[in-house]
Each structure stands twice: as structure tokens, then as C-alpha cells.
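Novice: Questions regarding the structure given below will be posed in turn.
The values are calculated or read from the model by the stated rules, or taken from the named source; none is laboratory data. All figures in this text were calculated on a predicted structure; none of them were measured in a lab. Using ideal geometry, Cβ is built from the backbone for each residue, glycine included, and neighbour counts are taken over all protein chains shown.
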Amino acid sequence: MGTNKSRIPFYQEQLRQLNLGLEDKLHVKVGSLSGGQRQAMSLLMSTMTPIDFLILDEHTAALDPKTAELIMELTDKVVREKQLTTIMVTHNLRYAVEYGDRLLMMHQGHAVMDLEGDEKKNMNVDKNPIHNIRDRGFQRLEQKNQVLHGTVTSADIDFSNALTNDFFHL
């Protein structure tokens, strides 16, 4: 199956906006592209048709830091330009804090932190080290459990994986 030749200029223009040199690689097999090029192309392809909702599951996890930054900037640009409701699952706390309008931190299937509006905007990984953010999530879970189930102590909750279950909404 080939590419519709009349659409090639459109595809090239879309790819040119990524600044990854992909506009000249329409004839190249996807498997020979770098991980970052494949992620950028996948993001572009998934948003070329009209959609309202985008789910990103660790879409920067396997990338080197520089490429991951580029993909996050591209993601932010695409989501904002197309006004997409997006859920992104990430292990990267900085991305969860910096991007999006809402941050929902999960632990063992329960929301331990839900930030939006000014509270989310004022969150900063540099100002709030990871252990402070983790403790804040624990305090919220503890308050919730005191109301719903009685008292919970820190010994009842293992936070070693809490930051690996971050969801955020762009």
C-alpha cells in the first residue's frame, strides 16, 4: 500500500513543522527512524484526523532526555493548537507538574493528589522536592481515609512506587 501522491505535499508540511527532518523521509520505513522520530510521527498521525480526546501512555519513557523534551514541547503545541482533552500517564514528575491543567497522582488504584487551577500552577518540582510532593499526597490520602475508613498511618502506605503512577491532564 502506498502513499496518496496528491497528499505528499500536505504530509511533508506537517512533518516539516516537527523540525526533525522527517519531511524528506516519507519513503523510509518507520522501523529505521529514531525513537524520537517515531514518537513525533505517531503523535502527528494520531492527531491528523479530527479527534477530541488523546491518551498518551508513557510516550517519552524510552527516549533520551533531549528528545523527550522535544516530544513534550511538540505534545504541548499539538494539544493546545487542536484544543484536545488529553490524559498523559508519566513517570516524570516534572512533566506532570509543568504541563497540563490538572494533576492526578495515583497510588495502588487510589487518587492521593488532585490539583488544578492555581494550586496546580503554583506546584513546582524545584520548589517542592519530590519527597514534599509525596508527603503532600500521603497527607491527602490520610485525611480521606480518616473520613472514610478511620485512621491510617504512614506504615500502611508504601510510597516507593507512588510517583510511578502519575496521571495528568493537558
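Novice: When the stretch 79-105 is examined, which residues are found to be among the aliphatic types (A, V, I, L, M), surrounded by 20 or more Cβ atoms within 10 Å (Cβ to Cβ) and at pLDDT below 90?
Specialist: The answer is LEU93, ALA96, VAL97, LEU103, MET105.
Novice: Also: So which helices (runs of 4 or more DSSP H) are wholly in the stretch 13-111 and hold at least 1 residues that are more than 13 Å from the chain's Cα centre (by Cα)?
Specialist: Counting at least 1 such residues, we get 35-46, 65-82.
Novice: Let me ask something else. Residue pairs, Cβ under 8 Å, 6 or more apart or interchain, first in the stretch 62-77 and in contact (Cβ under 8 Å) with a residue 12 or more places away in the chain, second assigned to a helix (DSSP H, G or I) and of a type in the set (Ser, Thr, Tyr). List them.
Specialist: So the pair list comes out as MET72/TYR95.
Novice: Here's something else I'd like to know. In the stretch 106-127, what residues are crowded, with 16+ Cβ neighbours inside 10 Å and farther than 22 Å from ASP64 by Cβ?
Specialist: MET106, HIS107, VAL112, MET113, LEU115, LYS120, MET123
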